[in-house]
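These notes are about the structure you will find just below.
The values are calculated or read from the model by the stated rules, or taken from the named source; none is laboratory data. The structure displayed is predicted, hence computed values, not measured ones. Cβ atoms come from the backbone with ideal geometry, glycine included; neighbour counts cover every protein chain shown. What goes into the accessible areas is simple: the full protein's heavy atoms, side chains included, and nothing from ligands, DNA or RNA. Shrake-Rupley method; radii C 1.70, N 1.55, O 1.52, S 1.80 Å.
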Amino acid sequence: MKICVVGLGSIGFNLFTHLGRKFPGEVIGVDVNESRVSELRRQGFEVTADYRNLTGIDVWLMAPSTGSRGQNLFLALEQMLICPGSLISIESTLPPGTMWRVREFLEEKGFELGTDIFLIHVPHRIMFGVDQTVCDTPRVMGAFTGACLERGRRFYAPLVPQLVEVPDVRVAELSKVVENVKRYVDIAFAQDIYCYCVDQGIDFDELRLAVNSKNNVELLGTDWGIGGECLPKDMGFLRSVCSSVLLEGAEEADNQYRHRIARQVGSGRGVLVRGLSYKAGVKDIKHSRGADLVRALEAAGNTVWVEDPLFTPGELAEAGFRPNDQAEPGKEKQERLTGRVVLERQRALNPKDE
């Protein structure tokens, strides 16, 4: 069996390495980012940037970043050399309605689903910092035909702890988007309650402990805002098809929360921001609201230093930030240590600085 993983970003590479251990010698990866491919080749992985090298593939596992309308997915489909009888699994999170467009694309190529080719949607699930692989949690699988479901079951059932099959592919498509948007709304609510607690002098952590003592309730923690790639993107996906005052309000609440953090500092000050990764415990600055905060504070005329236990000062400097140990020793350093505002993730707001 020849397996190809399409897209070698965070999700795709995790899937690629996991399957490489399960099916040694049978897995290859492809990515259009040639520098990424070169880097992975130097590390000894079998990857390519040229779809012409991918012949006789039995299983295509597609995990590219989809783009706002799934355009990256269709760019990949255009280049794939699809053999009759192969399984195509879309693992990327999709704007609702994309699977119908994929079906139409394949049928225009002359394929009949469930006979010539087998198409399924198995949206990936992973919580970085908790799960080790995208196959550690139950997975939802949807398809247009029973034959496609059966083919998908044979591949995925041995890999995941539970395979939740749904006969309506739209349910699988929507399930991942709803999961992420539900978390977005929960975080926006927590941020609003956190702001209220700050205004009233109430300990938010004590409130969380009290609320979360009920086993069917969870008041989430807060950070620099709702960051990462997935949650804001999927909120956009859902809002494009679902008109909702609640969803609109959650986005506005997050914007106001992030602006409040920056507004409390003002301008012309020295600021130390503790915690820069997009999510505590995950070494990744891409799509980080902490990084956005630093840039907003700098644009307002502040001098900003950063700390993050996941990154060395050199890594922070290379990413364009001012590490906390960068100032010269002596009087300047002492003034910097005693006269600046300190902002810490999950302690982002300080009523004394408003």
Exercise. Near Arg103, within a Cβ-to-Cβ distance under 14 Å, what is the net charge of the other residues, with Lys and Arg +1 and Asp and Glu -1?
Worked result: -4
Exercise. How about the stretch 1-91: which trypsin sites (Lys or Arg not before Pro) there lie in a loop by DSSP and see at most 12 other Cβ atoms within 10 Å?
Worked result: none
Exercise. Accessible area per residue, 1.4 Å probe, Å², for the stretch 204-289: what's the number?
Worked result: 51
Seminar exercise, completed: Beyond 22 Å (Cα-Cα) in this structure, taken from Lys182/Lys233; Lys176/Lys214; Lys233/Lys279; Lys22/Lys176, we find Lys176/Lys214; Lys22/Lys176
Problem set entry | Cα long-axis angle, helix 10-22 against the chain (0 to 90 degrees, to the nearest 10) | 50
Exercise. Stretch Glu318-Thr137 to full length: gain in nm at 0.36 nm per residue minus the Cα-Cα span?
Worked result: 61.6 nm
Problem set entry | Accessible area of the stretch 29-132 belonging to carbon and sulfur atoms, whole % at 1.4 Å probe | 47
For this session: List the relative contact order of the stretch 1-153 as a percent without decimals, with contacts defined as Cα pairs under 8 Å and 6+ residues apart.
Result: 20
Exercise. So what is the relative contact order for the chain, in percent, with contacts set as C-alpha pairs under 8 Å and at least six apart?
Worked result: 11
Exercise. What percent antiparallel are the DSSP beta bridges of the stretch 15-144, to the nearest 5?
Worked result: 15
For this session: For the stretch 198-300, with all protein chains present and a 1.4 Å probe, just round the carbon and sulfur fraction of the accessible area to a whole percent.
Result: 49
Exercise. Rounded to the nearest 500, what is the chain's calculated 222 nm mean residue ellipticity when only DSSP H runs of at least 4 contribute -39500 (n - 2.57) each, over all residues?
Worked result: -13000 deg cm²/dmol
For this session: Taking a cut-off of 12 Å between Cα atoms, list the aspartates and glutamates near Lys286, but don't count ones fewer than 8 places away on the same chain.
Result: Glu229
Exercise. DSSP beta bridges in the chain, what fraction antiparallel, as a percent rounded to 5?
Worked result: 10
For this session: Determine ³J(HN,Hα), in whole Hz, for all residues of the stretch 68-76 in sequence, where each value follows from phi through the Karplus function 6.51 cos²θ - 1.76 cosθ + 1.60 and θ = phi - 60°; x replaces Gly and Pro.
Result: 5, 10, x, 4, 5, 5, 6, 4, 5
Seminar exercise, completed: Bounding extents of the chain in its principal axis frame from Cα atoms, largest first in Å, are 72, 46, 33
Exercise. Which far-off residues, 5 or more places away or on another chain, put their amide H under 5 Å from the one on Val140, with H placed in the peptide plane?
Worked result: Val164
For this session: Go ahead and run the numbers for FRET between Asp205 and Val342, Cβ-Cβ distance against an R0 of 25 Å, rounding to 0.05.
Result: 0.90
Problem set entry | Helix axis angle, 146-156 relative to the chain longest principal axis, alpha carbon, degrees | 60
